[in-house]
Amino acid sequence: MSEQSDPDFDPGWEPVLSKLFLGLIPGMVLSKRFRRTDIDGITMLRMTFSGFFLAPFLFALVLAFITAPTSDRIVPQAVRVVAIVAAALGVILPLIIRRRSLDASSPAALAAKYRSRMFIGLGVSEWPALLGLALAVYYGRFWLYPLAAIGTVIGFLLVAPTRGALDRQQAAITSSGSPLMLRQALLAHPGNRGPAARWMGPTRPDR
């Protein structure tokens, strides 16, 4: 049975991890082996998610070198409260987004709605880390960053396209009476091939 016809087929995270590993090798991102690879819709989605998920940790690495612990700026209590509230919203908003139903009118619409919902979830989760980054740089206190960014990391995990998340969403689609299969839809309809997708390599054509 081909992956396009198997409703339970999942490429897993191995293709994503291999791409990330190859990307750490100097010059590999320019090689044909890195770029000219047949990437399915689920793997492309997970690669995009991984880029977002790694960003807060890269910010933390940079902050560790640029924040000045000897800064004489006092961190007001209100700033700490703002960072905590931002972290909480970074978790609450993705939960609300995740509860939105998908458009099961067609496989293409189903795949597009799932991708759109994930990107909206990433967007509403990202801003606490950016706020924490600005506060940490301004006050010269590294701890302000993780105080806010923890909400971003948790929010990202809530909308991650994991195997379990796809299973739960498929159960909801099936319970609504739709015969569509989410994995098949994502595999067959990888979405708009923007510059990033073309740089990473060709994807399977929509069907």
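Only the coordinates and a few stated rules stand behind these numbers; no lab work does. Model, not experiment: these values are computed from the prediction. Note: ideal-geometry Cβ built from the backbone for every residue, glycine included; neighbour counts use all protein chains shown.
Residues of segment 148-181 with the amide nitrogen closer than 18 Å to a label point 7 Å from the Cα of ALA88, along Cα-to-Cβ, please.
Under cut-off, by backbone N: 148-155.
Which net charge results when you count Lys and Arg as +1 and Asp and Glu as -1 among the other residues whose beta-carbon is under 12 Å from that of VAL79?
Details: positive: ARG73, ARG80, ARG141; negative: none.
Overall, the nearby charge balance is +3.
For SER105 and ILE120, calculate 0.36 nm times their separation in residues minus their Cα-Cα distance, and state this gained length in nm to one decimal.
Result for the pair: 3.3 nm of gain on full extension.
Rounded to the nearest Å, what's the spacing between the alpha carbon centres of segment 95-114 and segment 126-165? Just the number, please.
Measuring centre to centre over Cα atoms gives 26 Å.
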